[in-house]
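Asks: Please read through the structure below; I'll follow up with questions.
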Amino acid sequence: MMINPTDETPEGSVQGRPASRIRPSDPDWPSQACWDRLNREVGGRLITPQSPVSAWRDAPDSALASQVLQRLRNPYYIGEQPGLTQTSGWVGAWTSQPSAYVVVARTTQDVVAAVNFARQNNLRLV
């Protein structure tokens, strides 16, 4: 979808849309009922991802932490984990967080439902 640059307002937002996307801490974040409706639309494939790296942060000397570090060497494992995020930046400057929700899309209709939900609720889609 392309947006005509002439539709931008002086404040930097596109006409009729806020300049930034809604975040989980914002009051306009969708209600649980809205998320439940999306979950039904995608056949129960809306999940709350957990970062595998949290096991390493919580107990770096544990067997689970060693297992996670071993798996992180596999690019296929990384690509298949919705709780992992691509990060860059200064060490210790910030900690990445996985998305609040993930749609494990299996069909074109799942993708359409997720994109429409993000568009209607002004959510960032990754």
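The values are calculated or read from the model by the stated rules, or taken from the named source; none is laboratory data. Values in this document were obtained by computation on a predicted structure and should not be read as measured data. Reconstructed Cβ throughout: ideal geometry from the backbone, glycine too, with neighbour counts over all protein chains shown. Just so you know, the surface numbers come from the protein's heavy atoms only, side chains and all, with ligands and any DNA or RNA stripped out. Shrake-Rupley method; radii C 1.70, N 1.55, O 1.52, S 1.80 Å.
Asks: Which order do Ser25, Ser54, Ser66 take when ranked by solvent-accessible area (1.4 Å probe, heavy atoms of all protein chains), largest first?
Replies: Ser25, Ser66, Ser54
Asks: Tell me, in nm to one decimal, what length is gained between Glu80 and Ser62 on full extension, where the rule is 0.36 nm per residue of separation less the Cα-Cα distance?
Replies: Result for the pair: 4.2 nm of gain on full extension.
Asks: Still on this model: What nm value, rounded to one decimal, do you get for the distance between Ala33 and Thr107 when each label is placed 7 Å out toward the C-beta?
Replies: 2.6
Asks: Another question about this same structure. Around Ala105, with a cut-off of 13 angstrom between Cβ atoms, what is the net charge of the other residues, counting Lys and Arg +1 and Asp and Glu -1?
Replies: Values: positive: Arg45, Arg106; negative: Glu41, Asp110.
The answer is 0.
Asks: Which ³J(HN,Hα) values in Hz, rounded to whole numbers, follow from the phi angles of region 111-123 under the Karplus curve 6.51 cos²θ - 1.76 cosθ + 1.60, where θ = phi - 60° and Gly and Pro get x?
Replies: Values, residue by residue: 5, 4, 4, 5, 5, 4, 4, 4, 5, 5, 9, 6, 9 Hz.
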